Structures are given as C-alpha cells and as structure tokens.
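Scroll down for the structure; my scribbles are underneath it.
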Amino acid sequence: MKTCISITVLALVSLWSAQANLFADDSPDLVQVEQQALNRAVEEVAGSVVQIRTVGGADQIGRQLLNRGPTTGLIVSDDGYVVSSVANFAGQPTSILVRTSEGEQFPAELVGRDNNRMLALLKIETTNQLPVPQSVPKQETLPGQWAVAVGRVFDAEKVNVSVGVISARNRMHGRVLQTDASVSTANYGGPLVDIRGRVFGVLVPMAPQPASADVNELAGVEYYDSGIGFAVPLEDIIASLPRWKEAGDLHRGLLGIGMKKGSAFATPATITNVWPTSPAKDAGWKAGDTIIEVDGNSVGSQTQLRFQITPRYAGDTLKVLLDRAGETIETEVTLTAELAALEHAFLGILPGIPEPEPSVEKSEDEKAARGLAVRAVWPGSPAQDAGLIPGDQITKLGDLAIRNASDALRQLSSHHPGDSLNVTYRSDDKERTTEVTLGKLPVELLKSVDLPNNATLEPAADWEQDTIKLAEFPQETSYYLPQDTRQSRGLLVWLEGSLERKNETVAQKWRTICLRDGLALAIVRPASDNGWNIEDLAYVKRVTGELRRLLKPAPQRMVVAGNGKSGQMALRFAFANKGMISGVAAVAAPLPRTFETPANQDGERLAVLAINQPDSPFSALITRDIKTLREAGYPAGLIESDADSGQTSVMSAGDREKLALWIDTLNRM
Amino acid sequence: MYPVRIFMSLLLIAAACQPCSGKTLRSVLRETQKKVVKIYGAGGLRQMEAYQSGILISAEGHVLTVLSYVLDTDDLAVVLDDGQLFEAELLASDPVLELALLKLPAESSVPHFDLDKHTKAAVGDRVLALSNLYGIAAGNEPVSVLHGVVTAVAPLQARRGRFQSNFAGPVYMVDAQANNPGAAGGALVDWQGQLLGMLGKELRSEVTGGWLHYALPVEAFHTTTQDMQAGRKLDNTRLQLAEPESPLSAALLGVTLIPEVLPRTPPYIDSVIAGTPAHRAGLRPDDLIVFVGLEPTASCASVNKMLSNLEATETVALSVLRDGQLIELELASERPAEQLAPEEPRSTLKILKPEITESEPADSSEAESEP
C-alpha cells in the first residue's frame, strides 16, 4: 500500500515538474531541442508500427458501437509477430490485414489473445526482416519521463502521435504503466515510446477485473482521451512471447479461495473458504490459513496478494508461505484459468418443524439426544440411498453431534458434493451409522406426495397487519403476520410494482397459504409511481433487514419474489444480497440485461425459482437464464405456470401453491 | 454514451499582462488570447450551449466563427479579452464550410490575426488551442488555453447522423481536449502564436468512433473569408464531388457477392459470370474482396458503395484474399459506356444468371425445404 501511494505522489510531483519546464520562460532553444527529440523518437519507432484492418465481424457488442476504422499494431519479432490490443478484434472479424510502414500488405492470422493483459498476437508470413523496436527496461521507467503514444490510424503512410508523460508504474495490480498522453482507438495496439524512441509498452484500454470470470474485451474504452491511458510493458510481452506463441490464448491465473471481508488494503489475506476443485485445494490450503509470502515477496494485505497474483498467468507456479495457527507452511500452487462452479452439498432431508419447547428446562445432553428430526426424504437423494425415512432423528454428522438444523447446516457447509460423510441417526429407537456420498442441492420441486403435510398443525386463525415506514424513503411497507404460529416461520417479501393492485388484494390472495404455512408476508413497493428504479434496491435492502429484525423468520425460509419487472427487481436484489436471504422467486422475469452472474459462495445458499409462462415472449430467455445460473452452481428451479401469459401481473392460485411448497422446502439440506 | 472528457491540461493563464520582452511562451499566450473572443447568442437548452468562441481577423473588428444555432439571434453579444462588449452584426456566412463572419462596431483598432500570415504545422508539433470552452471565461477574463501536439493531419471523417460535417479535407487533429462545448470558433496556434487553424464544432470520428479534437486549417477557409469580407458571392458547390454519369456495379463487373445477412457481411464473392471482366481477370467464388483500388473494404455494402463511386468505363483494381494469399487483380471493362444498361443493372444480372459457370451448386433452397 505504501508503495502505491508513493508512486502516485511521485507521479504528481513529476507531472508538475514536467509542466513547469514546459511553461517556464525558458529559452526558445530548449523548446526546439525538445521538439526535435520528440520528432526523432517518433521516427525511430515508426517503422515498427503497422496499420491493421479487419473485414467482416460484428458491428456492435451489446450497446457499444464498434470502431470500423483501421487500428494499430506493433512488430515484436523480425519473423512476423505483431502485438495489438484485443479491443481491436472485439467484433471477431473474418479477416485481418496488416500494412507495414513500407506499404506492404499481408493477411494476418490471430494467433491468440492475452486475456490478462488485454493483448492480441498476430502473425504475418513474410520473408523480409521486420524492424523490431527496442524496449525500455522496466527499472529505467520512471514517472515524469516523456511518453509518446503512437498509432497508425488516420493515415497509412504516417503515424499519429500524442505526447505526455509516464504517470505511474504498476497500475492495475502490477500489469500496466499509466500515461497522460491521449490513448484511444487512434492508438490502441500501438507503442508508448520514450524520448529516445524505445518502447515502454503497448497501449491498451483496461478496467479493473470484474468479479466474474468473463473477460470484457472492451473494458476501459470509456476512459479514452481522459488523461488516463495504459500500456503493457514491452519487456513483459517479450518475456511471455514464447509461451504465448505456443499456447495461443493466455489467461489470468485463479487460486480458488474466498477471503475475509473488509478493506482489501487493511485486511490480511486470510482464507475463509477453499473451492472444492481448485489450485488452492490441490496445494492443501485450508480455511483459516493466512497467506504471508508469495515468491519471496511478503504479503500483508489482500491488496498486496492481488499485486502478486494478478500479473501471473494460468499455469504459473508460485511458492506461497501460509500461516496456519502460528505455524509457517511452505506450499506450491499452480494457477488455473477456470474454476468449476461451486455447488452446495446436499444430504437429501427436509428437517422437521421443531417441537415447541417444553416448559421444563432440559439438560444439554437431553437436547443433544433429541437430534434433528427428518420431516421428508428427497427421492433419489443420498439420504434415501442410506435408508433414512421420515421420522428418523439425525444425531451425528461426521464427528459433530447434531442438536438442531443449524448444527447440521454448518457441518454440511464445510463439505462439497462428492465428499463422504458419516451419518448417525436414530430409527425405531436404534442408532445407526452409515456413510453417504453427498449430492448437490436439487433444482426440482419436491412433489407434495413426498411431503408429509404439516397438517398436524392447526392453521393460524388470523393475521395481524402493520406497516413499516423508514424515515429516509417515501414509501411504506405493509406486512402480515400470522397469529400464534408454533412453526418455524418463513417470510415472503413480495415486490409489487403495479399501482392497480392494492396491498389488500395481494394479501387476500396469499392469506390462506400464509395462515396454513405460518408464512409472514410483506408487500414492498417502489418509491415512484412510475415503477421500479435501480435506486429502490437500497430500500428493498433496508426494509428486508428491518423485517428480519422485527419478525425473526427462519433464515432458511426468507424469500423475495415478484412478477415481471418486480421479478427482475427481486433477482437483482437477491444476487446483490446473497447472504441476506435464502431464496428468490421470479414470475415471467428474465435476468436484467446488464446482469453479470456473481460467483456462488460457500456459506450462502441462495436458491432461485423461475415461474415461466410458456407462451410468454420471455420464455426462451428465462430458460437460458436458468441454465446459466445452474452452470454457475446455483440451485435454480424452473416451473411452468398454469396461467396465461395474458395475466402476467397476476399469479394463479396453482402458481402460488407451487411457490409456497418451494418456500416450505427451502430448509432442505 | 458521452465520453469522459477531463480537460486535465487546461490552463487558465492569469489575466495580468506582463511587459512583453522577447518571445517567451507566456508573452505569446498573452498576445494571442487577446485575438480570441467570447460569443453569446441563442441556445441554452440541454446540450445546446448558448455560447461559442471566435477569432478577430481585422483591426476594424471582423470576427470569424463557426456557423451555428448560437448566431441565430438578433442579440449577438461578443466580449473581447479586455471585457469590451459589442453587439455584433452577422455580415456573411458560408454554409458549405459552416463559417460565419461577424462585424463588431469597434471604434479603435483591435488585436487580430492576419490570415495572410498564417503558418502550417506537422505531426508532433506542439500547439496551443485557445477558446472559451465550457464558457469558463467571462467579462474581462481571457479565454482558456490548452496545450498539446498535432496528432495527425488527416481528412475529417466524421460519423454520420446528428454530428455531420460538409468539409472532408485534411484538418489538424490535436491531443488536447480542444473541441468541447463552446470551443468552436477558437484558435489553434503554434508556440510562436501564429495561427494554424480554427477549432471546429464537436464531431465524432468515423475512423475511431471517439470525439474528435481538431481545427480547420487556415488554407481551407482563407479564400472564402476574403470573399465574405469583400462581400463577394460564394460558390456553394465547391466541395461537391462529381457523381459518376453511369456508376459501376458488381453486376457490371460480372460478380455477385454473398447475400447481405448481417450489417457487416464480409464481401465474399458468391459467383462469377462467364465472359465478364471479373471472369477474364480470374476472380473466383469464395474470394474475399479486401481492397477496391486503394480503399479497404469492410462489408458487402462498402464494396457496392465504392464501386458506385466509379464510372462504369473505369478500370478497377481489386485485391482479394484467397486461401490466405493476397491477390491483386485488374478488371478492365471492354464495353463502351453507351452499351451498358445503367438504368437497371440488377436486371442485367438476372438475365445473365443461367450462364453462371463457376458458382457453387445453388441447391441451398432445396435443402432447406427438406424436413
């Protein structure tokens, strides 16, 4: 962190001194000498700067209109390798043509992309010896030095230039140099050169890595000409060139760990979870370990760890020192390009509704002896294979005595699908132990025949209605709480964007189910009559937190749901606050267009239920979304609605029953 | 999407004029700022600023600026560097170059640029852009100065649509954030304060897709300004390109391109008709046309457009990619123009279709109808 600040300060100081030089009342001679030197620097490199043209390919990506003009590349080997920026090929062109400074045209082959440094490698076939530029050694690169950005875009015969200084080194976690020269499509792929015409690096657009593994080839182009431009040091490119030629594509390297929440600058690199199939797992890393050194560089914070990992590629092997409970452990870890999505372990039981606490205090032992009652067993699940039946009591999972559902959940959370686990349970007063191989959370709804009804419990007689008003938001939220329910209570937060449908109408539709299942209902509306707005997310979050505090619902049965636009809002909210709720249900609502699926996490068991109307225009989108979510490891269910798409804003009675059943079984484990 | 346009290098130079001894940058700046004026007129709606910049070009108070909605008012106010406020008269305008000449009722001589003594700059030369961008300067405050270099001297290829320009000749592109709201009409000068050009209105580049920072070179508007000043009539057709009398087309050359299913369908040749210039030159189906003459292609549409800019009688050079090789071919039309059917070239193609020799068997429609 200290290094980071000092670099910035140095950059500012140097910038200032550079500007001061420019504008001091100094002799015209110096001005002329500088001008000549800059011109010579450009001449020096111009021979290695090629113009690139593409034929065919997409016109736009998303809403971003792609540049259709020529772009720039830099020769990096005399036998025809040319480096450019991946942004120049984002449209996946059919053909690529390279024009050298001599005016010769060559068809080029895209050898591969470097998805970590956002570069593209091209190859042209030529017998000529191409001019290779000299690179500036990284140690000699200092903030404040003249930096000239060169492109060959406007004119094939002449390069275009922009003059600035080096603003900083080691930006984007150690991958790029920063310059204040104008960097844009006019020079992406071209060199950033020093006053002697040697190349600092290759100009690229870049933005901090997104949370998801998807690489956006155009990330960072919105910062064009802003005074913030980036260049990948040529030394680094030359170093990775042999491997790049062979591998085709280079990828950033992943470890497969989750880290402690908190400021990345101040929090030590303590591991909170290790992905089941990951380099970290292979290296024997465990939750609770703290990374203290990578390849001889000490690591005191998560940011420092990122500076060590981000510049490396998948396939790189690092020597990592861990601190495990005071003991230093030496490990070797080989980074990977892709991690298998994390899925949650599933035993296959639905815990019973806890018996009401008897008035007489029982000892801890007696409580433990009671164990966890099995209400239902999922067909085809590990629990069924092991012979568990409804009514059994699970007393131990592995070595852990199980007193209640949260004990069991904690134990399951530390395991992953495919792991073996000993289950000890009491059936007909006999205790048995059997080994099961854990499955993954199901996406199918349990059929009501497999679910012994909670008919033993009387439905609540009535519910109480009340409202929440948060001072800083204009709207009110009504909630309905079934009276004197003995059950573990669920909460349905229903987002309602329609003005026509009053709270009473919505509540009336849910009343029977809520009273029967002991489900509290809250109806949340947008701030404006015009419907949901992204700003409403903050309200939904605040009011859900408030409801949780007031109603104390079972954490495994907290669900946010909605129809259409409200459904999209529910999805947005749920994925942004995965730890807060356990399920999200959306009726006829595809994922928002700008949505990026966040990675599934250990300790968060967000379930998704999409209710699809087969003849709705969104049907195909929803089916695709559910597939995407499943691939990302989420237990995402899809059920067909029995309502017509004409009634998109009203949920049918049948759909409500299915949703209620899903909520009722969300505490499955 | 509006781009982030941080004007980091914006420098507001102190108003105090120092005794000008020798040509230091500071003295050059101060002298030059006095020749750039702030213009206030119509506008004020969203993204339509009611101000722009202008340059003084005569001691009597002639101001050259860009022709825009700002001038579309009877109350046109021009404020000089020293704060003098004038009500300006719109003397003449050039709709082709989109320039306007204003006249101030100046009683004494005003500092000005002499268009006859303008200069030129090359790529990499350091330049200064002076304008009242974002309307920051007011009253007796001097206009803002941005420094940069000439990025390129290249034709103005602006994107079509709302931002369009008639002028397509070479302009000075600069790496300063020179062309922001209110900057149009400002001056681009070298470090000696000599006029290089006038900052244009905001345009997006057809080449890079980004906002352009550019100035119209003095050579481009020198004559028209003299004409306007002298009250002569302007030739409004001077920038129009002569359209071909009978335009060339792919059909006339004897090729059909693959069907345009995408906006950027690559210009692959679908078929070549026997006995046509294309056939004689050796074009083949599946060749990808990458250049028409010296112009690179991007799509079927661009090839058709380029061909239509040529006369049917012209010999056209094509470069094609075939199996990864770049092949150059010349297609010479042997038929005189009057024998062609310029009205409906497409029908010519239809009549000739049975003669297709080297095409792939066209049975795709049959294949589609199979269950």
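The values are calculated or read from the model by the stated rules, or taken from the named source; none is laboratory data. Since the structure is predicted, the reported quantities are computational estimates derived from the model, not experimental observations. Cβ placement follows ideal geometry from the backbone for every residue including glycine, while neighbour counts extend to all protein chains displayed.
Does segment B:229-238 contain any residue that is under 21 Å from the mean Cα position of the chain (by Cα), buried (at least 21 other Cβ atoms within 10 Å of the Cβ) and part of a loop (DSSP other than H, G, I, E, B)? No, the conditions are met nowhere in segment B:229-238.
For residues that are assigned to a loop (DSSP other than H, G, I, E, B) and either more than 13 Å from chain B (Cβ to nearest Cβ) or touching a strand residue (DSSP E or B) at 6+ places or on another chain (Cβ under 8 Å) (or both), tally how many sit in segment A:99-113.
Residues in segment A:99-113 being assigned to a loop (DSSP other than H, G, I, E, B) and either more than 13 Å from chain B (Cβ to nearest Cβ) or touching a strand residue (DSSP E or B) at 6+ places or on another chain (Cβ under 8 Å) (or both): 3 in total.
Taking segment A:30-69 as the range and being of a type in the set (A, V, I, L, M), at the interface with chain B (Cβ under 10 Å from one of its Cβ atoms) and in a strand (DSSP E or B) as the test, the residues that pass are A:Val55, A:Leu65. Of all the residues in segment A:393-424, those that are in contact with a Gly (Cβ under 7 Å, 6 or more places away or on another chain) and part of a strand (DSSP E or B) number 5. Applying a threshold of 7 Å to beta carbon distances and a minimum spacing of six or more residues, or different chains, the list of pairs starting in segment B:60-81 at a residue that is within 14 Å of B:Lys34 (Cα to Cα) and ending at one that is acidic (Asp, Glu) is empty.
Run down A:Ala589, A:Ala561 and say which single residue is over 26 Å from A:Met669 (Cα atoms), in contact with a strand residue (DSSP E or B) (Cβ under 8 Å, 6 or more places away or on another chain) and buried (at least 18 other Cβ atoms within 10 Å of the Cβ). Exactly one of A:Ala589, A:Ala561 is over 26 Å from A:Met669 (Cα atoms), in contact with a strand residue (DSSP E or B) (Cβ under 8 Å, 6 or more places away or on another chain) and buried (at least 18 other Cβ atoms within 10 Å of the Cβ), namely A:Ala589. Applying a threshold of 9 Å to beta carbon distances and a minimum spacing of six or more residues, or different chains, the list of pairs starting in segment A:593-615 at a residue that is not assigned by TED's automatic domain parsing to the domain that holds A:Leu659 and ending at one that is among the aliphatic types (A, V, I, L, M) is empty. Contact annotation: residue pairs with Cβ atoms under 9 Å, 6 or more positions apart or on different chains, pairing a residue in segment A:516-531 that is within 21 Å of A:Thr665 (Cβ to Cβ) with a partner that is in a loop (DSSP other than H, G, I, E, B) and among the small types (Gly, Ala, Ser), are A:Arg516/A:Ala460; A:Gly518/A:Ala460; A:Gly518/A:Ser488. Of the residues examined, A:Glu500 is not one that is farther than 23 Å from A:Gln568 by Cα and surrounded by fewer than 13 Cβ atoms within 10 Å (Cβ to Cβ).
Any residue that is within 14 Å of chain A (Cβ to nearest Cβ) and among the basic types (Lys, Arg) - is there at least one of those in segment B:191-206? Looking through segment B:191-206, at least one residue is within 14 Å of chain A (Cβ to nearest Cβ) and among the basic types (Lys, Arg).
One residue stands out among those in segment B:315-340 that are at pLDDT 85 or above and not in a strand (DSSP E or B): the one that is farthest from A:Arg99 (Cα to Cα), which is B:Thr315. Quick one: in segment A:99-123, which of the residues that are of a type outside the set (Phe, Trp, Tyr) and over 37 Å from the mean Cα position of the chain (by Cα) is surrounded by the most Cβ atoms within 10 Å (Cβ to Cβ)? Among those residues, the one meeting the criterion is A:Thr100. Take the conditions closer than 27 Å to B:Ser165 by Cβ, assigned by TED's automatic domain parsing to the domain that holds B:Val143, modelled with pLDDT of 90 or more and part of a loop (DSSP other than H, G, I, E, B) and apply them to B:Thr65. Does it pass? In short, no.
Considering segment A:74-98, the residues that are more than 9 Å from chain B (Cβ to nearest Cβ) and farther than 19 Å from A:Pro242 by Cα include one that is surrounded by the fewest Cβ atoms within 10 Å (Cβ to Cβ), namely A:Gln92.
Applying the condition of being modelled with pLDDT under 95 and either in a loop (DSSP other than H, G, I, E, B) or not assigned by TED's automatic domain parsing to the domain that holds A:Thr100 (or both) to segment A:136-164 and asking which residue is farthest from A:Ser101 (Cα to Cα) yields A:Phe154.
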